[in-house]
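Written out below as structure tokens is the structure these notes cover.
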Amino acid sequence: MADKPRVAIFDFTGCEGCELNQLNFEDQLLDILAHVDIVEWREAMDGHADEYDIAFVEGSLSTPDCIQRIHEVRRKAKVLVALGACAVQGGVNAVKNTHPIDEVREEVYGQDKYLFPTLPALPLSSVVKVDYNVRGCPMTQIEFLKVFTSLVMGKEPVEPEHSVCVECKLKENECVFERGMICLGPVIRAGCDAQCPSVGQYCTGCRGLVPEPNLEGMEEILVSHGLSVDEAWKRLELYNANEVEGVRS
Amino acid sequence: MVQLFLESDRVAELVAHLMKQKSVFAPHAKGRKSFAFEEVKDPSAAVLDYPRVMHSIRKFFFPPQETLMTFDLKENTCSVAETPAADAIFFGVHSYDLGAVHRLDYNFSEGNPEKNYIARRQGAVFVGVSYKPDEFHFSGSVGIDPYDTAGFDIFLTKLLDGYIVEALTPVGEGLLDGIELPAHEAGKPARGHFQQHIYLPQAKLGQVMDGSYQNEVWDDTAKKCVGCGTCNLVCPTCYCFTVEDEVNVQVTGGSRDRRWDGCMLRDFSAVAGGEVFRETLAERQRHRVFRKFKYISDETGQPWCVGCGRCTACCTAGISIVNIINRLVGDYEKVAVTPI
Ligand code: SF4
Ligand code: SF4
Ligand code: SF4
Ligand code: SF4
């Protein structure tokens, strides 16, 4: 193989739960490192790199400084991969976008609010071009490995577009609706191997909506299973406020 | 046909007797109120009284996920996995699910025979059981009776206190050798009534479907449908799949895998270059229903839906294939009697 790809890892607004070191990658970490050179990673090393082949970026953009930094990353990276719900769709952070921004600043920073400029929490793709996504909260490990090996091989990673229900059915799980729960799986993107329903939990939508979701249809499903209209939309907003707000208003 | 009698509390004994001859797969309770076909380990865990299993026995001949081949990127070689024959007894199968297997036999052997399916089907023995139709079954409307013994080696008909046992093939007779069962003298009880019906006489199926392409039912259904694909994945006569290559993290090799796929899913109808040839949920729903009641039916003269009711029972949006067909029939009748 030619020179190893140079990799840089960045974090923006998020809990840093997605970054590689936080995941149980012990088994695969050495294999991963064998294929790339990590040239910048604030959490694990000092220094800055001027150029890299692949940038993995975690977190949403929520301050003017974030916007400036992401442009810089984009300029230096050949390939930019968004890691986790915050980077891909704004994530839980974006729930704040459903409230007036001044109220949010006051709530979080109190009287110091003028010291902390804040913007609505945005996915990376609303500011720069994102080449690939690794979804989930925290990001889905199996998907990270798939995207990673595809990039190392110079292949185009395939992003699933079908619903979590498909993976649930492949495993012959009992649908959690049968247990009186309410699940967002029908409109959420697969790729996590239906992680939550497989252990008897409902899907909260961390991997984002399927393309062209029928959200009115999903609202009807949630309401017919006992939620109020408002609860239904709140449930949908938890991880997907940016997309859901657009449809609802 | 000799009819024998099996008391309810001897079912486990019969299962144990069968297990001495071949592996036995039977319905088991799974989750809070569901049932799934699994290999029997404990004869008393096999369930005969159940409304429907989550996946039909299709999953044993056409598994949800399977590896077609593995490859080695260093040596540049590949090896195709051997597909073992089922060679087992499927105990407690409902008539519509065996009807679905017969339809898959057609789909997987016409044209390009599908060698994995055909290999897995070898040595499969079927023991059927009658059932009481629930609020979703409508097999009667597609010509499959709850007592339909076609294709079974042994059939059990439910009575109040036990089952009538009939061996229908030499294989079935052989399996019952060595278990003492008394003769059953009285006839079969009346079958349970269906609560669901499609009002589509088989002879008119073609005509009704021919005039249905532009029907408004497709758009109306699409307002509620969220395109989750569940109705495809639970259908015992759906046979679509997709194939993907997976490479290991060492980038030294990997596998070519296939899994069930379905026409309600957007990525199923997407082709290279990003074009999606059935863009809307209305087009996809029409395609699904036409696959069950028109396209293959035009070829074979038979509905390709077996009336199991799974797609309706599992649709969280409450979309009912029975209601869709009945609306098409209603509109056809209206059109047919309206003077031009
Ligand atoms: S549990 Fe959720 S994801 Fe699974 S089939 Fe039911 S609705 Fe779909
Ligand atoms: S099931 Fe839903 S909430 Fe759970 S990991 Fe998958 S996408 Fe996220
Ligand atoms: S199960 Fe229901 S909501 Fe899901 S694709 Fe089928 S018809 Fe649509
Ligand atoms: S279309 Fe629905 S009712 Fe008919 S065989 Fe398939 S799942 Fe069963």
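The values are calculated or read from the model by the stated rules, or taken from the named source; none is laboratory data. None of these values were measured; they are calculated from a predicted model. Cβ coordinates were reconstructed from backbone atoms using ideal geometry, including for glycine residues, and neighbour counts include every protein chain displayed. Please note that ligands, DNA and RNA were not included when accessible areas were found on the heavy atoms of the full protein model with its side chains. Shrake-Rupley method; radii C 1.70, N 1.55, O 1.52, S 1.80 Å.
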Could you list all residues from region B:52-68 that are assigned to a helix (DSSP H, G or I) and over 16 Å from B:Asn232 (Cβ atoms)?
B:Phe60, B:Phe61
Would you tally the residues in region B:1-15 being crowded, with 17+ Cβ neighbours inside 10 Å and in contact with a helix residue (DSSP H, G or I) (Cβ under 7 Å, 6 or more places away or on another chain)?
2
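Go through region A:78-119 and report how many residues are β-branched (Val, Ile, Thr) and at pLDDT 80 or above.
The total comes to 6.
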Note: among B:Glu39, B:Glu110, B:Glu66, B:Glu75, just one is within 14 Å of another protein chain (Cβ to nearest Cβ) and open to solvent by 50 Å² or more (accessible area, probe 1.4 Å), namely B:Glu39
Region B:82-109 residues that are under 24 Å from B:Leu175 (Cβ atoms), paired with ones that are of a type in the set (Val, Ile, Thr) and within 16 Å of ligand 3 (Cβ to nearest atom) (beta carbon under 6 Å, 6 or more apart):
B:Ala100/B:Thr237
Residue by residue through region B:148-179, note down the ones that are assigned to a loop (DSSP other than H, G, I, E, B), out of contact with any Gly (no Cβ under 8 Å at 6 or more places or on another chain) and closer than 16 Å to B:Val15 by Cβ.
B:Asp177, B:Gly178, B:Ile179
In region A:95-109, how many are more than 21 Å from A:Asp65 (Cβ to Cβ), assigned to a helix (DSSP H, G or I) and open to solvent by less than 80 Å² (accessible area, probe 1.4 Å)?
2
Answer yes if at least one residue in region A:122-138 is farther than 25 Å from A:Arg207 by Cβ and either in contact with a strand residue (DSSP E or B) (Cβ under 6 Å, 6 or more places away or on another chain) or part of a helix (DSSP H, G or I) (or both), and no otherwise.
no
Could you tell me how many of the residues in region B:279-295 are within 13 Å of chain A (Cβ to nearest Cβ) and crowded, with 18+ Cβ neighbours inside 10 Å?
4
Region A:183-200: number of residues that are β-branched (Val, Ile, Thr) and part of a loop (DSSP other than H, G, I, E, B):
1
Options A:Ile182, A:Ile221: the member that is closer than 24 Å to B:Val234 by Cα, in contact with a Leu (Cβ under 9 Å, 6 or more places away or on another chain) and not assigned by TED's automatic domain parsing to the domain that holds A:Cys18:
A:Ile182
Out of B:Val243, B:Val171, which single residue is away from chain A (no Cβ under 14 Å), open to solvent by 40 Å² or more (accessible area, probe 1.4 Å) and at pLDDT 90 or above?
B:Val171
Say we look at region A:200-249 and pick out the residues that are facing chain B (nearest Cβ under 10 Å) and open to solvent by less than 20 Å² (accessible area, probe 1.4 Å); which of these is nearest to B:Met264 (Cα to Cα)?
A:Val210
For the structure I just gave you, tell me whether B:Val249 is assigned to a loop (DSSP other than H, G, I, E, B) and within 30 Å of A:Gly154 (Cβ to Cβ).
yes
Please specify each residue of region B:21-36 satisfying the condition of being within 14 Å of chain A (Cβ to nearest Cβ) and not charged (D, E, K, R).
B:Phe25, B:Pro27, B:His28, B:Ala29, B:Gly31, B:Ser34, B:Phe35, B:Ala36
Name the residues in region B:261-285 that are closer than 18 Å to B:Ile296 by Cβ and in contact (Cβ under 8 Å) with a residue 40 or more places away in the chain, would you?
B:Arg284, B:Gln285
